[in-house]
Structure formats: structure tokens, C-alpha cells
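Some notes on the structure that comes next.
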Amino acid sequence: MNDDDLLAAFESCDLPKSHIDHRVHVRIAFLYLRRLGYDDAVDALRTGFKKTLAALGVPDTPTSGYNETTTVAFARIIHAVMQVHDTSPPAPTSDDFCDRHPEVMTAQILRLYYSPARRADVAAKTTFVEPDLAPLPSA
């Protein structure tokens, strides 16, 4: 799926659950960050993920559904990679970005920054919580 089709499907909540994986999350974050800038991208990610999860029937409980800390932390990491490592020339597509930057292609990257207890904290689900193991790149 090309970048425009991916964003259109995401924004209309037409992505099948079977097609939503970490790579798709990274691609969507990359596209919003490139097109909107950091603050607006985070707002679009927050809105889009909440709508998508609701459309898929994922319950929003203390242990499932949208997670603010995960969303913001990944946005900051992807943004930093775009600013520092993806500049000459920048990746032309979200798939190219994913292929060029395997360091962001694992959901476990957050383990470098957050202890399991910190990420499992109920507050981390609804508000952004700074990491306790290492600082995230600044936005």
C-alpha cells in the first residue's frame, strides 16, 4: 500500500486489524511527522489511533487500548531519527524509511528508555510519562 493510500485508510478507519502491525505504526508516524511537523503529528496520531482502536472494537481499559506514553515516545524517537539520520537524501516513502532504519522497527526499543513497571503504570496510559532508564530524544 502506498503512503497516500495508507494514510487515507488509517484516517477513515479502513485498515483491517490483520494489517496493523509495528511497521504500519512507524509508517504512519513517519508520514505525519514529515507532513505536519512534530506537534501536529502527535495530535493526528493520538486522534487516529483512538479512532482506529474504537472502530476495531478494542476496549479502552487500564491495560488495553490507546497508550499516550507509547505514542509520544515513538513519535519522539522517529522524529529524532528523521532529523539526525535521514537527511541526505531523506527517505522518499515510509517503506524506505522503515527499511533504512531497522533501529525503529522493533516495538522493544522502548525497553531502552522505560522499565516495565514505568510503562505499566496506569498514568502512562493516559498521560505522557518521561522514561526512567534513559532520556528520550527531544522533539
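Listed values, structure above:
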quantity: Considering residues of region 24-68 that are within 25 Å of Ala117 (Cα to Cα) and among the aliphatic types (A, V, I, L, M) only, the residue surrounded by the fewest Cβ atoms within 10 Å (Cβ to Cβ); calculated: Val58
quantity: Yes/no for Asp86 being modelled with pLDDT under 90 and of a type in the set (D, E, K, R); calculated: yes
quantity: Count of region 1-38 residues which are part of a helix (DSSP H, G or I) and in contact (Cβ under 8 Å) with a residue 60 or more places away in the chain; calculated: 10
quantity: Answer residue from region 27-80, given it is of a type in the set (Ser, Thr, Tyr) and farther than 19 Å from Lys17 by Cβ and is farthest from the chain's Cα centre (by Cα) among those; calculated: Tyr38
quantity: Failed item, numbered, when Leu133 is tested on (1) in contact with a Ser or Thr (Cβ under 7 Å, 6 or more places away or on another chain); (2) under 20 Å from Leu7 (Cα atoms); calculated: (2)
quantity: Helices (runs of 4 or more DSSP H) wholly inside region 86-139 containing at least 2 residues that are surrounded by 11 or more Cβ atoms within 10 Å (Cβ to Cβ), touching a residue at least 12 places away in the same chain (Cβ under 8 Å) and touching a Phe, Trp or Tyr at 6+ places or on another chain (Cβ under 6 Å); calculated: 94-100
quantity: Residue match in region 81-92 (condition: closer than 22 Å to Tyr114 by Cβ and touching a strand residue (DSSP E or B) at 6+ places or on another chain (Cβ under 9 Å)); calculated: no
quantity: Qualifying residue in region 71-79 (condition: assigned to a helix (DSSP H, G or I), modelled with pLDDT under 95 and among the basic types (Lys, Arg)); calculated: no
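The values are calculated or read from the model by the stated rules, or taken from the named source; none is laboratory data. Bear in mind that the values here come from a model prediction, so they are computed numbers and not experimental data. Neighbour counts are summed over all protein chains in view; Cβ atoms, including those assigned to glycine, are modelled from backbone coordinates with ideal geometry.
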